[in-house]
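The values are calculated or read from the model by the stated rules, or taken from the named source; none is laboratory data. Small disclaimer: the values here were computed from a predicted structure and weren't measured. Note that we place each Cβ from the backbone using ideal geometry, even for glycine, and neighbour counts take in every protein chain shown. With ligands, DNA and RNA removed, areas are computed over all heavy atoms of the protein, side chains included. Shrake-Rupley method; radii C 1.70, N 1.55, O 1.52, S 1.80 Å.
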Amino acid sequence: MEEEEREAQSAKLQELIRRGTPADLQEANRLMKVMAGYDNRHKTDYRAKAAEEVAKVQQKAKILEEMLQSQQPGERIAEGDVFEVGSSLAV
């Protein structure tokens, strides 16, 4: 995630410098500070973002487990919700 964001920031910086208007150069200066780590107010917290994604996957896994536990032995699982939840967990 971080590498993709750095590539996007680099491309945006190049475009801002290429255009060269005073407003673009001001934005380029701000972006350079962010990229250099000087201005952390706009920096993405990847640890929090990853934790949020893990929590979502855990919640879906819990729902899938509950759905599967509600099945009776020998009962057929019809296509639908169980498969949708299960496929959303596939990486």
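Rounded to the nearest 10 Å², what accessible area does residue 17 show when all protein chains are kept and the probe is 1.4 Å?
90
Enter the accessible area of residue 1 (Å², nearest 10), with the probe set to 1.4 Å and all protein chains included.
Solvent-accessible area, nearest 10 Å²: 120 Å².
Heavy atoms only, probe 1.4 angstrom, no DNA, RNA or ligands counted: give me 52, 4 ranked by accessible area, highest first.
Reading off the accessible areas and sorting them downward yields 4, 52.
Using 0.36 nm per residue, how much length does the chain from residue 54 to residue 1 gain when fully extended, once their Cα-Cα distance is taken away?
Contour length minus Cα-Cα distance gives 17.6 nm.
Which FRET efficiency value, to the nearest 0.05, is calculated for residue 12 and residue 62 with the Förster distance at 35 angstrom and r the Cβ-Cβ distance?
Plugging the Cβ-Cβ distance into 1/(1 + (r/R0)^6) gives 0.35.
Taking the Cα centre of segment 5-59 as the origin, how large is its charge dipole in debye, to the nearest 20, when only Lys and Arg (+1) and Asp and Glu (-1) carry charge on their Cβ atoms?
100
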